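The values are calculated or read from the model by the stated rules, or taken from the named source; none is laboratory data. All figures in this text were calculated on a predicted structure; none of them were measured in a lab. So basically every Cβ, Gly included, is an ideal-geometry build from the backbone, and we count neighbours across all protein chains shown. For the accessible areas, the whole protein counts, side chains as well, though only heavy atoms, and no ligand, DNA or RNA atoms are used. Shrake-Rupley method; radii C 1.70, N 1.55, O 1.52, S 1.80 Å.
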Amino acid sequence: MSTTEQLTEIYDLLLERFGPQHWWPGDTQFEIIVGAILTQNTNWTNVEKAITNIKAADALSPTALYRASHEKIAVLIKPAGYFNVKARCLKSFLTWLFDEYDGQLENLEQLSTSRLREELLNIKGIGPETADSIVLYAFGQPVFVVDAYTARVMGRHGLIEAGCDYEQLQELFQSNLIEDTQMFNEFHALLVRVGKEFCRPKARCSGCPLESLPHNVETHDVF
Ligand code: SF4
(Lines give C-alpha, C1' and ligand atoms only; values in the text may rest on other atoms or scores of the structure.)
Protein backbone atom coordinates (compact mmCIF):
# COMPACT_ATOMS: atom_id res chain seq x y z
CA MET A 1 0.00 0.00 0.00
CA SER A 2 1.41 3.42 -0.93
CA THR A 3 1.83 6.21 1.63
CA THR A 4 -0.97 8.12 -0.08
CA GLU A 5 -3.29 5.14 0.30
CA GLN A 6 -2.30 4.69 3.97
CA LEU A 7 -2.95 8.36 4.78
CA THR A 8 -6.22 8.28 2.89
CA GLU A 9 -7.34 5.20 4.78
CA ILE A 10 -6.50 6.86 8.10
CA TYR A 11 -8.42 9.97 7.08
CA ASP A 12 -11.46 7.99 5.93
CA LEU A 13 -11.59 5.89 9.10
CA LEU A 14 -11.30 8.94 11.35
CA LEU A 15 -13.91 10.91 9.43
CA GLU A 16 -16.27 7.98 9.38
CA ARG A 17 -16.04 7.58 13.16
CA PHE A 18 -15.82 11.18 14.34
CA GLY A 19 -17.52 13.15 11.54
CA PRO A 20 -16.55 16.74 10.63
CA GLN A 21 -14.84 18.62 13.49
CA HIS A 22 -15.83 22.17 12.45
CA TRP A 23 -12.46 23.75 13.13
CA TRP A 24 -11.25 26.44 13.72
CA PRO A 25 -13.53 28.20 16.20
CA GLY A 26 -13.64 31.98 15.68
CA ASP A 27 -16.09 34.50 14.22
CA THR A 28 -13.50 36.56 12.35
CA GLN A 29 -10.11 36.17 10.71
CA PHE A 30 -8.54 38.22 13.49
CA GLU A 31 -10.17 36.14 16.22
CA ILE A 32 -8.70 32.99 14.62
CA ILE A 33 -5.23 34.58 14.59
CA VAL A 34 -5.49 35.67 18.23
CA GLY A 35 -6.73 32.18 19.16
CA ALA A 36 -3.83 30.54 17.31
CA ILE A 37 -1.33 32.66 19.26
CA LEU A 38 -3.04 32.19 22.63
CA THR A 39 -3.52 28.43 22.36
CA GLN A 40 0.19 27.68 22.63
CA ASN A 41 0.78 25.54 25.74
CA THR A 42 -2.78 25.71 27.01
CA ASN A 43 -6.19 24.22 26.38
CA TRP A 44 -8.94 25.84 24.36
CA THR A 45 -11.19 26.55 27.35
CA ASN A 46 -8.57 28.95 28.70
CA VAL A 47 -8.21 30.59 25.28
CA GLU A 48 -11.98 31.13 25.14
CA LYS A 49 -11.87 32.92 28.50
CA ALA A 50 -9.10 35.20 27.27
CA ILE A 51 -10.95 35.96 24.02
CA THR A 52 -14.14 36.69 25.98
CA ASN A 53 -12.16 39.21 28.04
CA ILE A 54 -10.78 40.87 24.90
CA LYS A 55 -14.27 41.06 23.39
CA ALA A 56 -15.71 42.50 26.60
CA ALA A 57 -13.04 45.22 26.46
CA ASP A 58 -14.05 45.89 22.85
CA ALA A 59 -10.47 45.18 21.81
CA LEU A 60 -10.83 42.29 19.36
CA SER A 61 -9.67 44.16 16.28
CA PRO A 62 -6.16 44.81 14.96
CA THR A 63 -6.45 48.54 15.60
CA ALA A 64 -7.84 48.26 19.13
CA LEU A 65 -5.30 45.67 20.20
CA TYR A 66 -2.44 47.53 18.51
CA ARG A 67 -3.32 50.65 20.53
CA ALA A 68 -3.67 48.74 23.81
CA SER A 69 -0.70 48.71 26.18
CA HIS A 70 1.26 45.56 26.88
CA GLU A 71 -0.03 45.64 30.46
CA LYS A 72 -3.65 45.86 29.37
CA ILE A 73 -3.29 42.97 26.93
CA ALA A 74 -1.51 40.87 29.55
CA VAL A 75 -4.40 41.35 32.00
CA LEU A 76 -7.04 40.51 29.37
CA ILE A 77 -5.32 37.32 28.25
CA LYS A 78 -4.26 36.15 31.69
CA PRO A 79 -6.55 33.05 31.62
CA ALA A 80 -4.55 31.71 28.64
CA GLY A 81 -1.35 31.46 30.72
CA TYR A 82 2.16 32.71 29.82
CA PHE A 83 0.37 36.03 29.47
CA ASN A 84 3.46 38.24 29.32
CA VAL A 85 5.03 36.10 26.59
CA LYS A 86 1.77 35.90 24.65
CA ALA A 87 1.09 39.64 25.03
CA ARG A 88 4.53 40.30 23.55
CA CYS A 89 3.81 37.89 20.71
CA LEU A 90 0.47 39.58 19.93
CA LYS A 91 2.21 42.96 20.00
CA SER A 92 4.97 41.70 17.69
CA PHE A 93 2.38 40.37 15.24
CA LEU A 94 0.47 43.67 15.29
CA THR A 95 3.61 45.78 14.96
CA TRP A 96 4.56 43.76 11.87
CA LEU A 97 1.00 44.06 10.50
CA PHE A 98 0.94 47.84 10.94
CA ASP A 99 4.55 48.51 9.92
CA GLU A 100 4.52 46.33 6.83
CA TYR A 101 0.88 45.97 5.78
CA ASP A 102 -0.92 49.14 6.96
CA GLY A 103 -2.67 47.20 9.69
CA GLN A 104 -4.89 45.52 7.08
CA LEU A 105 -5.32 41.75 7.16
CA GLU A 106 -6.63 41.97 3.56
CA ASN A 107 -3.13 42.96 2.49
CA LEU A 108 -1.82 39.62 3.73
CA GLU A 109 -4.23 37.88 1.37
CA GLN A 110 -2.02 39.00 -1.52
CA LEU A 111 0.97 37.04 -0.25
CA SER A 112 1.81 33.58 -1.51
CA THR A 113 1.42 30.74 1.00
CA SER A 114 5.18 30.32 1.39
CA ARG A 115 5.84 34.07 1.79
CA LEU A 116 3.06 34.47 4.37
CA ARG A 117 4.38 31.48 6.31
CA GLU A 118 7.95 32.73 6.15
CA GLU A 119 7.02 36.22 7.37
CA LEU A 120 4.94 34.84 10.22
CA LEU A 121 7.85 32.63 11.28
CA ASN A 122 10.04 35.72 11.52
CA ILE A 123 7.77 37.18 14.20
CA LYS A 124 9.11 36.56 17.68
CA GLY A 125 7.01 33.96 19.52
CA ILE A 126 5.38 32.45 16.42
CA GLY A 127 6.58 28.90 15.77
CA PRO A 128 5.74 26.57 12.87
CA GLU A 129 2.50 25.18 14.33
CA THR A 130 1.13 28.65 15.10
CA ALA A 131 2.22 30.05 11.73
CA ASP A 132 0.64 27.13 9.89
CA SER A 133 -2.58 27.39 11.91
CA ILE A 134 -2.84 31.05 10.91
CA VAL A 135 -2.08 30.30 7.24
CA LEU A 136 -4.57 27.43 7.07
CA TYR A 137 -7.40 28.52 9.34
CA ALA A 138 -7.33 32.31 9.05
CA PHE A 139 -6.26 32.61 5.42
CA GLY A 140 -7.56 29.34 3.98
CA GLN A 141 -4.28 28.49 2.29
CA PRO A 142 -3.27 24.82 1.97
CA VAL A 143 -0.57 24.01 4.51
CA PHE A 144 -0.82 20.94 6.71
CA VAL A 145 -0.64 21.73 10.42
CA VAL A 146 1.16 19.05 12.44
CA ASP A 147 1.71 18.68 16.15
CA ALA A 148 2.65 16.17 18.84
CA TYR A 149 -0.63 14.26 18.32
CA THR A 150 0.12 13.91 14.60
CA ALA A 151 3.64 12.74 15.34
CA ARG A 152 2.48 10.12 17.83
CA VAL A 153 -0.18 8.63 15.54
CA MET A 154 2.11 8.64 12.49
CA GLY A 155 5.02 7.18 14.50
CA ARG A 156 2.89 4.37 15.95
CA HIS A 157 1.57 3.56 12.47
CA GLY A 158 5.05 3.41 10.98
CA LEU A 159 4.71 6.40 8.67
CA ILE A 160 7.58 8.38 10.19
CA GLU A 161 10.92 7.49 11.72
CA ALA A 162 12.30 8.56 15.08
CA GLY A 163 14.12 11.89 14.73
CA CYS A 164 11.61 13.27 12.23
CA ASP A 165 11.20 17.05 12.68
CA TYR A 166 8.21 19.36 12.15
CA GLU A 167 8.97 20.05 8.49
CA GLN A 168 9.54 16.39 7.65
CA LEU A 169 6.30 15.41 9.33
CA GLN A 170 4.47 18.15 7.46
CA GLU A 171 6.06 17.01 4.21
CA LEU A 172 4.67 13.50 4.76
CA PHE A 173 1.18 14.94 4.25
CA GLN A 174 1.95 17.69 1.77
CA SER A 175 3.85 15.47 -0.62
CA ASN A 176 1.43 12.55 -0.49
CA LEU A 177 -1.96 14.27 -0.49
CA ILE A 178 -3.53 16.63 -2.99
CA GLU A 179 -3.51 20.26 -1.85
CA ASP A 180 -6.96 20.69 -0.42
CA THR A 181 -7.53 23.32 2.25
CA GLN A 182 -10.77 21.77 3.51
CA MET A 183 -9.29 18.28 3.76
CA PHE A 184 -6.07 19.56 5.41
CA ASN A 185 -8.27 21.42 7.91
CA GLU A 186 -10.38 18.36 8.67
CA PHE A 187 -7.50 15.87 8.77
CA HIS A 188 -5.56 17.87 11.35
CA ALA A 189 -8.63 18.27 13.56
CA LEU A 190 -9.36 14.52 13.33
CA LEU A 191 -5.78 13.65 14.30
CA VAL A 192 -6.06 15.89 17.35
CA ARG A 193 -9.34 14.17 18.25
CA VAL A 194 -7.91 10.64 18.00
CA GLY A 195 -4.78 11.78 19.84
CA LYS A 196 -6.81 13.15 22.74
CA GLU A 197 -9.26 10.28 22.99
CA PHE A 198 -7.23 7.20 22.07
CA CYS A 199 -3.61 7.77 21.04
CA ARG A 200 -2.53 9.13 24.38
CA PRO A 201 0.93 8.56 25.84
CA LYS A 202 -0.53 5.27 27.09
CA ALA A 203 -2.37 4.13 23.96
CA ARG A 204 -6.00 3.02 24.11
CA CYS A 205 -6.04 0.98 20.91
CA SER A 206 -9.10 -1.03 21.87
CA GLY A 207 -12.03 0.75 20.23
CA CYS A 208 -9.82 3.26 18.39
CA PRO A 209 -10.97 4.00 14.81
CA LEU A 210 -7.47 3.04 13.60
CA GLU A 211 -7.29 -0.22 15.54
CA SER A 212 -7.62 -2.33 12.37
CA LEU A 213 -4.47 -0.80 10.83
CA PRO A 214 -0.94 -2.09 11.57
CA HIS A 215 0.48 -0.21 14.55
CA ASN A 216 3.13 -0.47 17.21
CA VAL A 217 2.67 1.44 20.44
CA GLU A 218 6.21 0.71 21.60
CA THR A 219 7.60 3.50 19.39
CA HIS A 220 8.94 6.60 21.13
CA ASP A 221 7.28 9.96 20.77
CA VAL A 222 8.96 11.91 17.98
CA PHE A 223 8.43 15.37 19.47
S1 SF4 B 1 -4.46 4.36 19.90
FE2 SF4 B 1 -3.51 2.61 18.87
S3 SF4 B 1 -4.80 2.20 17.09
FE4 SF4 B 1 -5.31 4.27 17.84
S5 SF4 B 1 -4.03 5.65 16.66
FE6 SF4 B 1 -2.89 5.15 18.51
S7 SF4 B 1 -1.61 3.40 17.98
FE8 SF4 B 1 -3.21 3.60 16.41
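Any idea which residue in region 189-206 is farthest from the chain's Cα centre (by Cα), counting only those that are more than 9 Å from the ligand (Cβ to nearest atom) and over 17 Å from LEU15 (Cβ atoms)?
Checked region 189-206; the qualifying residue farthest from the chain's Cα centre (by Cα) is LYS202.
Consider PRO209 against the criteria (1) under 27 Å from THR95 (Cα atoms); (2) open to solvent by less than 30 Å² (accessible area, probe 1.4 Å): it satisfies all of them except one. Which criterion is unmet?
(1)
I'm checking my understanding of the structure. Among residues of region 52-68 that are more than 15 Å from CYS89 (Cα to Cα) and touching a residue at least 12 places away in the same chain (Cβ under 8 Å), which one is surrounded by the fewest Cβ atoms within 10 Å (Cβ to Cβ)?
First, pick out the residues of region 52-68 that are more than 15 Å from CYS89 (Cα to Cα): 52-61, 63-64.
Within this subset, residues satisfying the condition of being touching a residue at least 12 places away in the same chain (Cβ under 8 Å) are 53-54, 57, 59-61, 63.
Details: ASN53: 18, ILE54: 22, ALA57: 15, ALA59: 18, LEU60: 20, SER61: 15, THR63: 12.
Checking each candidate, the answer is THR63.
Residues are listed down the side, and each one gets a yes or a no for (1) touching a residue at least 40 places away in the same chain (Cβ under 8 Å); (2) in a helix (DSSP H, G or I):
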| residue | (1), (2) |
| --- | --- |
| PRO79 | no, yes |
| CYS89 | yes, yes |
| PHE93 | yes, yes |
| SER114 | no, yes |
| ILE123 | no, no |
| GLY140 | yes, no |
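For LEU210, state whether it is within 13 Å of the ligand (Cβ to nearest atom) and either in contact with a strand residue (DSSP E or B) (Cβ under 9 Å, 6 or more places away or on another chain) or in a helix (DSSP H, G or I) (or both).
No: the conditions fail for LEU210.
Which of the residues belonging to region 136-172 are of a type outside the set (Ser, Thr, Tyr) and within 14 Å of the ligand (Cβ to nearest atom)?
The answer is ALA148, ALA151, ARG152, VAL153, MET154, GLY155, ARG156, HIS157, GLY158, LEU159, ILE160.
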